[in-house]
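We did not get these values from a lab; they are worked out from the coordinates using the rules stated. The shown structure was predicted, so the numbers you read here are calculated from the model rather than taken from an experiment. Don't worry about glycine lacking a Cβ; one is built from the backbone with ideal geometry, like all the others, and counts go over all protein chains shown.
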Amino acid sequence: MRKAAAAALNQLIGSDANQFALVSEAQQERRREQQAGTRFIWERAIAGEPDVKLQIEATMRGRIISELRMRLVFAANFQKDFDAQHDSVGLLATLNAFVILVVVLVVIGLFFVFAMRREINYTLALVLFGAAFLAMTVLQISAGELEAGLSDQDFRPQRGTDSLRYLLALLETLLLSFFYALCLAAMWGTGFALVRRAGVETKRAASFVALLRGKFLSRFVSGRVAIGIMLGGLLAAIPYLVVASGLFDNLRPEQLNAQWLVAPAPALAALLRPLSYGLFAIYGFLVPLFQSRIRERWVLRALALPFGCLWLWEGVLDELFDGGGRRRRRTLIGVADQIYWRFDFLTLMAAAFAADVVTSAAGLLLQSAPGLVASGWMAVGGLGALCAAALVVSRRGRDTQTEDEAQVAPAPAIGQGLQPIERDRLMAEFGVARLAQQQMLPAAPPAIHGYHITATCRPAREVGGDLFDFLKLPDDDHLGIVVADVSGKGVPASLYMTLTKGLLASVSENESDPSVILREVNRHLYQVCRRKIFVTMLLGVLDPATRTLTYARAGHNPTVWRHTARGASSLLGAPGLGLGMVSGQMFDKSLRPETIRLEPGDVLFFYSDGIPEAMNARGEEYGMERMLAAIERCDELHAAEALDVMLDDVAEFVGETPPHDDITLVVLRVAER
Amino acid sequence: MSRRRLALILLLAASGYFVFALLVPRFHPSAAWRYQMGRREAVARGREAAQRLYGIDVSGWATRLTAEHQAEIEYYLARSGARAETSRLSPITTSVLFVENVGQGRRVRVEMSSSGQPNGLAYRDRVMNAPGQPAPE
């Protein structure tokens, strides 16, 4: 038997076998992991390394090698060095795991609280769950994790057939994906409920919501994705800059998961790496949680910092001795923080995704096998293609911000004081009414070459009396832009809003002159309203070719005209009475349309009184002064971003005070040459 | 988005990816692995080793591949550098398991270094895997 073992050794390692000396030969009982048989151990010293020996252990069953393995045997002092560093890392890992556990428990608790209050958006949470589940499952299969799980079971099958074992391993994979997706969806669902409840910083959730609604082809979503992918390089580079600085001896960035080296589809695995749990938990849940209680942004950032640092350092550190199975996140929290606050949650997630993809792809590209290098390039190419597609769509796609912003806006409480059944019915009816009213508003602003337009309308109650619209006028290429406000609030206002919209659509079919349109609308409204209700409106007719805007103002707030080149603002305050207040002749006399000529870069802000009259808890009004100051800060911004800045500024001012009036804002920006 | 902001983002993007590309070959922990086999080649080498060492043709058998990172070996190799004695060891151990789904239900596992040199073997069949099987004479 000894000869057979020596022959097997020779066959395995060739002439090197002569360097090994047999040091042990013994009979071995069958143990859990080892076969019964004769066990041989050969050893070889390593020159200049008294603490280390190369050992080959073989177990023979008759003349068959049941097991043979080469290994290094280390002396105690080597092992001590190794363990000492490993233990220091383990402490951080334990702390991180503890924090994650606490966060998960808080998520579960709050999730049930919001679920009881019916404040969880189950549709969106379910979409997120489905996407995460699918991505995680495909990832595990393409990365070879399922195969790795099966390997050991297949070698020593304890029970069941091969098919049954495969089925069980698949089930295990699906369960892992299920819990991963469930945690992600619960975390985000709760975070989003907190955002909606607090009613602040909703814009940071808007693009992610739009993505979950399947609006991949909107400019808003794709723009954020493109920016995120571009900024992903910074996130990816930071761990390497930290290590290259030489300030931290034991640090190493994240390594490639070893299993990917033999994965069935490593390129696909690199492109499907799961969303960063750490970043997701911090910005999808913890920040909204803090936001629901704290308004000062610097306090929020300070609170998020320790979580981020813990996650970062643990993620970077533990990789030194990581077994390769765990994929840790790494980035400097400061950069992630900047991306989140300057852009939004989706941008940050896209950046984290891009950083993960390039880090994995780099790991593949650094190997010598041509197949792995090709996979690395495929992953990089896939990311590049996604970025290019997002860039193209961000320039040419549809703008759906209006609708999404409305969906993100905090849902007001209704039916207070009623029985639960009545309240539920009322809520359902108001939900339908709210949706119907939102659907009356344009789904997307018109795309006009040389102009960027965006708009939003947020009712203060379940339904509102504000209105904006874009009218296709009979004159070629002329566009009518309408912002209107019906006096009063709630259901009556919303009914007159619907009537006004219908009248506008009807009259503007044959007429392009804004003053004539307003006169006709006034005539009808005056008959219907009988002075009980009135409507203020500003109608501007844009001639894109000549860059002129002819407008008529029926008692509405003056539009702000920002002359970006001169750094000045002026108000479009042509005189005019509200619609439905006075009879035709008096109204006609009051109305004086004006025409202005816009310059490249100029911006027009059409708005309703919900903005300047927004109030905070101290009863102070937001006012025109603050509004003009906020507009000044928008000089360099795209229309959609200017809209965000304005609404954020108002939201910050009012704090937790519930809105007392509808807010409507339309921003038109003339593209620069 | 204003041109200035777009230019800033593009600049940050270019800088980030450039710095990443510059530092990765030096500091990426997986750069030292120099893994030389693809999945297909690992299976081919495993099949050849099974034929040579056990005389078993494993063509048509199911295959399961795993790659495991050996932290201690990597630590040692990084500390001691390349040596002739340890040339068969690498931070990554690839294991190819061949499973015979019919007949004797044999299993052959071949373990290899990053360069594809076999450094471990294992064999099981239905009899050996049977629970309570007594030790052989």
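Points worth noting:
- Zone residues, the stretch A:619-635, relative to A:ARG566, backbone N less than 17 Å from point 7 Å out along Cα-to-Cβ: A:632, A:635
- Between 0 and 90°, nearest 10: helix B:39-54 axis offset from chain B longest Cα axis: 20 degrees
- Inter-chain Cβ neighbour average for residues B:51-61, partner chain, 10 Å: 1
- Using the Cβ-Cβ distance between A:VAL138 and A:ARG395 with R0 = 30 Å, the FRET efficiency computed as 1/(1 + (r/R0)^6) comes to roughly 0.50.
- By the count of other C-beta atoms within 10 Å, a proxy for reagent exposure, A:ARG117, A:ARG61 are ordered fewest to most as A:ARG117, A:ARG61.
- Pairwise FRET efficiency - A:TYR166 versus A:ILE448, Cβ, R0 = 51 Å, nearest 0.05: 0.30
- Euclidean distance between Cα centres, the stretch A:479-533 to the stretch A:545-616, Å: 16 Å
- Rg over Rh [alpha-carbon atoms, Kirkwood Rh] for the stretch A:608-650: 1.00
- Here the simple spin-label model places points 7 Å from the Cα toward Cβ, and for B:SER87 and A:GLN338 these points are separated by 4.9 nm.
- Distance between modelled label sites at B:GLN104 and A:ALA131, nm, 7 Å Cα→Cβ extension: 5.3 nm
- Between A:LEU579 and A:VAL535, A:THR536, A:MET537, the built amide H atoms are under 5 Å apart, and every one of these is 5 or more places off in sequence or on another chain.
- Taking N as the residue count of the stretch B:1-119, its C-alpha radius of gyration divided by 2.2 N^0.38 Å amounts to 1.59.
- Overall form of the stretch A:589-673 per C-alpha gyration tensor (a/c, 1.5; a/b vs b/c): oblate
- Prolate/oblate/rounded call for the stretch A:521-594, Cα gyration tensor, a/c under 1.5 rounded: prolate
- Per-residue extension of 0.36 nm, minus the Cα-Cα distance of A:TRP298 and A:LYS3, leaves a gain of 98.7 nm for this segment.
- Neighbour counts of other Cβ atoms within 10 Å put A:ARG213, A:ARG669 in the fewest-to-most order A:ARG213, A:ARG669.
- For the stretch A:471-522, GluC sites (Glu not before Pro) are listed when DSSP marks them as loop and at most 14 other Cβ atoms sit within 10 Å of their Cβ; the list is A:GLU509.
- Efficiency of FRET from Cβ geometry, B:ARG26 and A:ALA374, R₀ 22 Å, rounded to 0.05: 0.45
- A straight chain from A:PHE179 to A:VAL113 at 0.36 nm per residue would run longer than the Cα-Cα distance by 21.7 nm.
- Exposure proxy for A:PHE290, A:PHE40: other Cβ atoms within 10 Å of each Cβ, ordered fewest to most, give A:PHE290, A:PHE40.
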